[in-house]
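The values are calculated or read from the model by the stated rules, or taken from the named source; none is laboratory data. All figures in this text were calculated on a predicted structure; none of them were measured in a lab. So basically every Cβ, Gly included, is an ideal-geometry build from the backbone, and we count neighbours across all protein chains shown. Side chains included, ligands, DNA and RNA excluded: accessible areas come from the protein's heavy atoms. Shrake-Rupley method; radii C 1.70, N 1.55, O 1.52, S 1.80 Å.
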Amino acid sequence: MELDEIEIDQKYRCNYKDAQYFATVVSKDHKAVWVTLGDIVNEDGDPGDPSEALGTLGKIQVAAAQLHPL
């Protein structure tokens with residue numbers, strides 16, 4: 001996605017470390033986006049195994065290109 005298309009407090013799919021997670025955008029600036037990651041996205045596009053959730057990471061910085069609409 002383009003940075004100007006991303007909205008704070010919205011949920012997206014986020015590519016992170018060879019997997020895709022549900023993510024909520026918590027802030028952004030002119031270069032990057034900060035998100036909190038939730039459940040991993042399974043093959044059906046639904047939340048996967050909760051034991052694979054990364055919500056405990058806190059907020060992490062990602063590039064806008066790593067985010068995709070739900």
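All of V25, V33 fail the test of being at pLDDT 95 or above, out of contact with any Lys or Arg (no Cβ under 9 Å at 6 or more places or on another chain) and open to solvent by less than 90 Å² (accessible area, probe 1.4 Å), apart from V33. The number of residues in the stretch 42-70 being more than 17 Å from L3 (Cα to Cα) and modelled with pLDDT of 85 or more comes to 1. The set of residues from the stretch 1-10 being modelled with pLDDT of 95 or more and either surrounded by 15 or more Cβ atoms within 10 Å (Cβ to Cβ) or β-branched (V, I, T) (or both) comprises I6, I8.
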